[in-house]
Amino acid sequence: MKVELLDKLRGSIAAQQACALVTDTDNGQQCLVDSDGVDGDLNLAKEYLQQATQMIADDVSGQIEQTDLFVRVYGPALRLVIVGAVHISQALAPMAQLAGFNVTVLDPRDAFVRAGRLSDVSALTDWPDEGMAKVKPDSRTAVVTLTHDPKLDDPALAAALRSDAFYIGSLGSKRTHAKRLVRLKEEGFSDLDLDRIRGPVGLDIKAKTPAEIAVSILSEIVATRRRAAA
Amino acid sequence: MLNVDADPLDRLAEWKASGKNTALATVVRTWGSSPRPVGSHLAVNEDGDFAGSVSGGCIEGSVIEAALKAIESGDPVKLEFGVTNDMAWEVGLACGGTIHVYVESIQ
């Protein structure tokens, strides 16, 4: 690979722009494909460019059948929005980062954010509805609410339900969750909408400590994403 | 954040900036069970330092060796690993899968 192409590729990844590096593994020629166009010494036939573009859309890397062309797709990072700078968040944020998520913690309570020692993640102290409007969850975003406080959790859940977030989870017992669903229903969400919310949150691994609960939540997020792709 | 995509590529750039020759290995195809998915990167420099992974550690040694050769020659090379490989005992995959790895120098 030419170092200029490597630099361009790293630029696209850093800018969270979906792109693909196409390599002719027979002669080493390469090109970078993104929404700006094609750059490199590999002259890609129109049909293969179309296939590469489709693979970017599907976020799937692989060989183009019957050719020596290998398409390596670099999709934008997955995101996790955690509502509530609580004890579980202190464990969940670094775990999710290790698993490849860009993490944002949303909590209007400054003191919680400071106490949360969340120095490595982006923290927003907006009210959840305003914060969610800034974050703009999409199909590569997971949202989990952990405050237990309807004033904070409910608006965040409502915003998540109006988005394409691939995972929505909410901490709380069965009883708390049932009450939450009643409130959201009064706001106009249907049963089908509300089915998207995982509650009680996380896989049932009998988690007790904040770190264990974080493991169960992250496991459920990974399972949701991978099962959807399988 | 540990970005599994960006990390090996960033290391390549760092090594390059410090004047070291480098190569990149990429999993281009897998059959059966394999420890790392298609697209996984292993970055290697001329000293044999590496970042990332193309397997759970089973074939890294051979891939690094091939990367050092690619750095010398400048030519890309395709490698194939699997249980039927002649060197199965040495570098075969305990999981029983097959992996194709593409190794290229950065120029």
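The values are calculated or read from the model by the stated rules, or taken from the named source; none is laboratory data. Predicted model only: the values in this text are computed from it and were never measured. Please note: Cβ atoms are built from the backbone with ideal geometry, for glycine as well, and neighbour counts cover all protein chains shown. In case anyone asks, the SASA skips ligands and DNA or RNA and just uses the protein heavy atoms, side chains included. Shrake-Rupley method; radii C 1.70, N 1.55, O 1.52, S 1.80 Å.
The rows are residues; the columns are (1) open to solvent by 60 Å² or more (accessible area, probe 1.4 Å); (2) touching a His at 6+ places or on another chain (Cβ under 9 Å); (3) modelled with pLDDT under 95; (4) assigned by TED's automatic domain parsing to the domain that holds residue A:86.
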residue: A:171; (1), (2), (3), (4): no, yes, no, yes
residue: A:177; (1), (2), (3), (4): no, no, no, yes
residue: A:189; (1), (2), (3), (4): no, no, no, yes
residue: A:193; (1), (2), (3), (4): no, no, no, yes
residue: A:198; (1), (2), (3), (4): yes, no, no, yes
residue: A:203; (1), (2), (3), (4): yes, no, no, yes
residue: A:208; (1), (2), (3), (4): yes, no, no, yes
residue: A:215; (1), (2), (3), (4): yes, no, no, yes
Can you pull out the residues in segment A:125-141 that are open to solvent by less than 90 Å² (accessible area, probe 1.4 Å) and either touching a residue at least 60 places away in the same chain (Cβ under 8 Å) or within 17 Å of the chain's Cα centre (by Cα) (or both)?
-> A:131, A:132, A:133, A:135, A:137, A:138, A:139, A:140, A:141
Pull up segment A:105-124, narrow it to residues that are open to solvent by 80 Å² or more (accessible area, probe 1.4 Å) and within 14 Å of another protein chain (Cβ to nearest Cβ), then point me to the one that is farthest from residue A:165 (Cα to Cα).
-> A:119
The correct count of residues that are open to solvent by 30 Å² or more (accessible area, probe 1.4 Å), within 14 Å of another protein chain (Cβ to nearest Cβ) and among the aliphatic types (A, V, I, L, M) in segment A:57-94 is 1
Of all residues in segment B:37-58, which are in a loop (DSSP other than H, G, I, E, B), buried (at least 17 other Cβ atoms within 10 Å of the Cβ) and within 12 Å of chain A (Cβ to nearest Cβ)?
-> B:38, B:39, B:40
Residues of segment B:21-36 being assigned to a loop (DSSP other than H, G, I, E, B) and surrounded by 16 or more Cβ atoms within 10 Å (Cβ to Cβ), in sequence order, are B:21, B:34, B:35, B:36
Residue in segment A:19-31 that is surrounded by fewer than 12 Cβ atoms within 10 Å (Cβ to Cβ) and aliphatic (A, V, I, L, M) present | no
Residue A:126 vs. criteria among the acidic types (Asp, Glu) and either part of a loop (DSSP other than H, G, I, E, B) or not assigned by TED's automatic domain parsing to the domain that holds residue A:195 (or both) | yes
